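For reference, the structure discussed in these notes is given below.
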Amino acid sequence: MGRIVTIGEVFVETHTKSDGTYVDRKAELIAQTYEQNVRDRLSQLKAEASAVSDGTSRPRELTNEELTTIFLQVKCCSLTS
């Protein structure tokens, strides 16, 4: 890949069958929730950037640490469900 992969990417890769489906419903829910939370955070960063910018700058990317935190929050919460 040429970059460090995230724990979320590893989870999706190891919990997805060759036909693209998840190994079970719980894995699917974790992956979907993680992906939605990442999208929500990126939207938040985009809104923050547009509120303080002249419209020409791009919002920053999430760091691997931030992506790991988002994943662990999903994984942690799913254990209590």
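The values are calculated or read from the model by the stated rules, or taken from the named source; none is laboratory data. As the structure is a computational prediction, the values presented were derived from the model and not from experiment. Here Cβ is always computed from backbone atoms with ideal geometry, including for glycine, and neighbour counts include all displayed protein chains. Only protein heavy atoms, including side chains, enter the accessible area calculation; ligands, DNA and RNA are left aside. Shrake-Rupley method; radii C 1.70, N 1.55, O 1.52, S 1.80 Å.
Taken together, the residues in region 1-20 that are part of a loop (DSSP other than H, G, I, E, B), open to solvent by less than 70 Å² (accessible area, probe 1.4 Å) and within 15 Å of Glu66 (Cα to Cα) amount to 2. Could you grab me the full set of residues in region 65-81 that are polar (S, T, N, Q), open to solvent by 60 Å² or more (accessible area, probe 1.4 Å) and modelled with pLDDT of 75 or more? Thr69, Gln73 - these are the residues of region 65-81 that are polar (S, T, N, Q), open to solvent by 60 Å² or more (accessible area, probe 1.4 Å) and modelled with pLDDT of 75 or more. Residues in region 44-64 that are part of a helix (DSSP H, G or I), over 16 Å from Phe11 (Cβ atoms) and either at pLDDT 95 or above or open to solvent by less than 70 Å² (accessible area, probe 1.4 Å) (or both): 3 in all.
Does Val38 meet the test of being closer than 20 Å to Val5 by Cβ, at pLDDT 95 or above, surrounded by 14 or more Cβ atoms within 10 Å (Cβ to Cβ) and of a type in the set (A, V, I, L, M, F, W, C)? So Val38 fits the description; yes. Checking Ala27, Ala31 one by one, the residue that is of a type in the set (Gly, Ala, Ser), open to solvent by less than 70 Å² (accessible area, probe 1.4 Å) and under 18 Å from Val5 (Cα atoms) is Ala31 and no other.
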